[in-house]
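The values are calculated or read from the model by the stated rules, or taken from the named source; none is laboratory data. Everything numeric here is computed off the predicted structure, so don't read it as measured data. Every residue, glycine as well, gets a Cβ built from its backbone with ideal geometry; the counts of neighbours run over all protein chains shown.
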């Protein structure tokens, strides 16, 4: 077998920054801001981050994981019933990259260096935990920030509908010894 036939596995963490973006400094503190699927939640959490933590973190790495769920799988089936996995994965990566653009732009407008990285997985918490190893080894002063939806008057169904992802990610990162800061977004319901 020739070396041309042996393919290296593609890195699971893909740079979502534009060409010519300033590189991040591994010797400086880095805020790793985890962006999920709820646009308004992420926007509110990033506003809180900027008002409280931006002076301490002059560089931000936005990380998002596109979820390969049943909707994505169904969209990837062609007319003959075959799954177009590579095309759908690429489409999901592009969509996830596009979701980071407003965050990167806002951070840069605030005077911070900002970059984005994306990945795709079927389960977000283990993927973030795995990626944290790569990121933390490249940036030893990285601190992770994630948002959590908090209801002032919680009802039994709030935890069932909204409760698991941020807690799962926080637990997975803490088990690895990764510093995590939770940004609570309080809903007056």
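Would you say residue 132 is in a helix (DSSP H, G or I) and modelled with pLDDT of 85 or more? Yes, satisfied.
Scanning the range 133-160 for residues that are closer than 18 Å to residue 117 by Cα and without any contact (Cβ under 8 Å) to a residue 60 or more places away in the chain, we see that the one that is surrounded by the most Cβ atoms within 10 Å (Cβ to Cβ) is 136.
Kindly evaluate residue 155 against the criterion of being more than 22 Å from residue 21 (Cβ to Cβ), out of contact with any strand residue (DSSP E or B) (no Cβ under 7 Å at 6 or more places or on another chain) and at pLDDT 85 or above. Give the steps one after another, and end with the answer.
Numbers: more than 22 Å from residue 21 (Cβ to Cβ): yes; out of contact with any strand residue (DSSP E or B) (no Cβ under 7 Å at 6 or more places or on another chain): yes; at pLDDT 85 or above: no.
No, not satisfied.
Remark: pairs (first residue in the range 19-30, within 9 Å of residue 113 (Cα to Cα); second residue part of a loop (DSSP other than H, G, I, E, B) and at pLDDT 95 or above; Cβ separation under 8 Å; 6+ apart in sequence or on different chains) = 24/139. Residues considered: 150, 118, 178. Of these, the only one that is in a strand (DSSP E or B), in contact with a strand residue (DSSP E or B) (Cβ under 9 Å, 6 or more places away or on another chain) and within 25 Å of residue 59 (Cα to Cα) is 118. Filtered by the rule that a residue be more than 20 Å from residue 123 (Cα to Cα), at pLDDT below 90 and buried (at least 19 other Cβ atoms within 10 Å of the Cβ), the range 50-105 gives no residues.
Scan 117, 109 and give me the residue that is surrounded by 15 or more Cβ atoms within 10 Å (Cβ to Cβ) and modelled with pLDDT of 85 or more.
Values: 109 fails: surrounded by 15 or more Cβ atoms within 10 Å (Cβ to Cβ).
It is 117.
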